[in-house]
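Read the figures in this text as sums done on the coordinates, not as results from a lab. Predicted model, so just to flag it, every value in this text is computed and none were measured. Cβ placement follows ideal geometry from the backbone for every residue including glycine, while neighbour counts extend to all protein chains displayed.
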Amino acid sequence: MKYLISAFLLTLAAVNALPAHATPITTTINLDTVYTGNTPDGPAPWLTATFVFTPGSNSGTLTLISHLSDSDFIQGANGVTGWGFYLGDTPTSLNCTMGTCANSVLTSSLNSGPVPGGFNLGFGWKSNNRFDGSDTATYTLTFADMLTSSPFMANESNWFSYAHVQGITNGCSGFIVAGDGTVNNPGGRCGTKPPPSVPEPAGLGMFGLGLLLIGLLAGAGSRWRRI
């Protein structure tokens, strides 16, 4: 009898320890800002990542979504990582369950090109497996400890994520980011020429005066030759 009571109490304690009606939490990261280089084709956001987890569990689902258009793509299996994030906790395992899975996944310091602050979760695709168009990739991330908040955080430069977009029209590329950091020399659309400078009103006045003087001198020279 004592054994049954003890077992009942242990079961009751375990049930009470579980989150009551835990609601899944979704973190959405939109890459909609050009850090440097050229602006990708099509409207922003050009890439979206969502992470969904239930508080009290030790895993969640990361979905990478491309909104890239024309010939734009993400690559980066070698060299600069194609798409990177900053995590407050390192996952113990990552498993791609569907979609255009990356050819390499890094969980340490990344080569993020010019984007500062440090990133520690990166995805790279090979040239014959580029992440583009309306591609998606879904990953299950498992952590050692139970999750109480999203592990996706801003790094020391206030960037949550970055990506290196290549294949922009006219053969250009650019680094796009998500977060509240400071951008660095963002360019416009690839091949776009700056608008011609318009002279200030004072400059126009001097220009007109110069034309008038030239006309007067030309007229005086003509009369002199007739004399």
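Look at the alpha carbon pairs under 8 Å that are at least 6 residues apart: their mean separation over the length of the stretch 21-181 gives a relative contact order of 32 percent. Averaged over all directions, how much area does the convex hull of the C-alpha atoms of the stretch 21-181 cover when projected, in nm²? For the Cα atoms of the stretch 21-181, the hull's average projected area reads 8.9 nm². Label point of N58 set 7 angstrom out along Cα-Cβ; within the stretch 82-102, amide nitrogens under 20 Å from it belong to 87-96. 3J(HN,Hα) along the stretch 119-125, derived from phi through the Karplus expression 6.51 cos²θ - 1.76 cosθ + 1.60 where θ = phi - 60°, amounts to 9, 9, 9, x, 10, x, 10 Hz, with x in place of Gly and Pro.
Whole-Hz Karplus values for the stretch 131-145 come out as 8, 8, x, 10, 5, 9, 8, 10, 10, 9, 9, 10, 10, 5, 10 Hz, taken residue by residue from phi with 6.51 cos²θ - 1.76 cosθ + 1.60 and θ = phi - 60°; glycine and proline positions read x.
For N111, the residues 5 or more places off, or on other chains, whose built amide H falls under 5 Å of its own are T81.
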